[in-house]
Amino acid sequence: MHLNIYDNCSSVIEEWEEILERYDDHPSEDDVWEIAKESKELPILGNIYQSLILERIVSHFCEETGLDEEALDIFIFVNSYDTHLRIDGKSIYSVQDYLDCIKLYK
């Protein structure tokens, strides 16, 4: 079965996926489905996928910088097209945004 996880995703989802490609990290449809089938309400698969992507980006950011997530002001907002990631007030919408943010903390 192929899940249509890209329905209602942010316009920058491909940039976020490219960040994860640097780490050979890709949430699978199975990852999305495992969360979706536990939902009490009708799940929005794109939101689940975006949440997985953004959580993994933050995890890799912490590994790259040696910082704990608790030491950072992480803002993740997932709502279909209106989805955002900010790390200490810096919006992450591209690979370059991510790399620039890493440089600030290394």
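Values in this text are rule-based calculations from the coordinates and carry no lab data. Bear in mind the structure is a predicted one, so any value in this text is a computation, not a measurement. Note that each Cβ is placed from the backbone with ideal geometry, even for glycine, and that neighbours are counted across all protein chains shown.
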Would you be so kind as to identify all helices of the chain, as entire DSSP H runs, whose Cα atoms reach 27 Å or more along the helix's own axis and whose mean Kyte-Doolittle hydropathy is at least 0.0?
45-65
Under a cut-off of 26 Å between alpha-carbon atoms, report the lysines in cross-link reach of Lys90, not counting same-chain residues fewer than 8 places apart.
Lys103, Lys106
Regarding the chain, what is the average projected area of its C-alpha convex hull, in nm²?
6.9 nm²
Packing rank of 63-70, 93-100, where each peptide gets the mean count of other beta carbons within 10 Å, highest leading
93-100, 63-70
Count charges around Glu63 for me, please; just the other residues with Cβ under 14 Å from its Cβ, Lys/Arg as +1, Asp/Glu as -1.
-3
Partner aspartates and glutamates whose C-alpha sits under 20 Å from that of Lys37, ignoring same-chain residues fewer than 8 away, are Asp7, Glu29, Glu55
Which residues does the label zone of Ser94 cover in segment 1-38, counting backbone N under 20 Å from a point 7 Å along Cα→Cβ?
10-23
Mean ellipticity per residue at 222 nm, deg cm²/dmol - from DSSP H runs of n ≥ 4 across the chain, formula -39500 (n - 2.57):
-14500 deg cm²/dmol
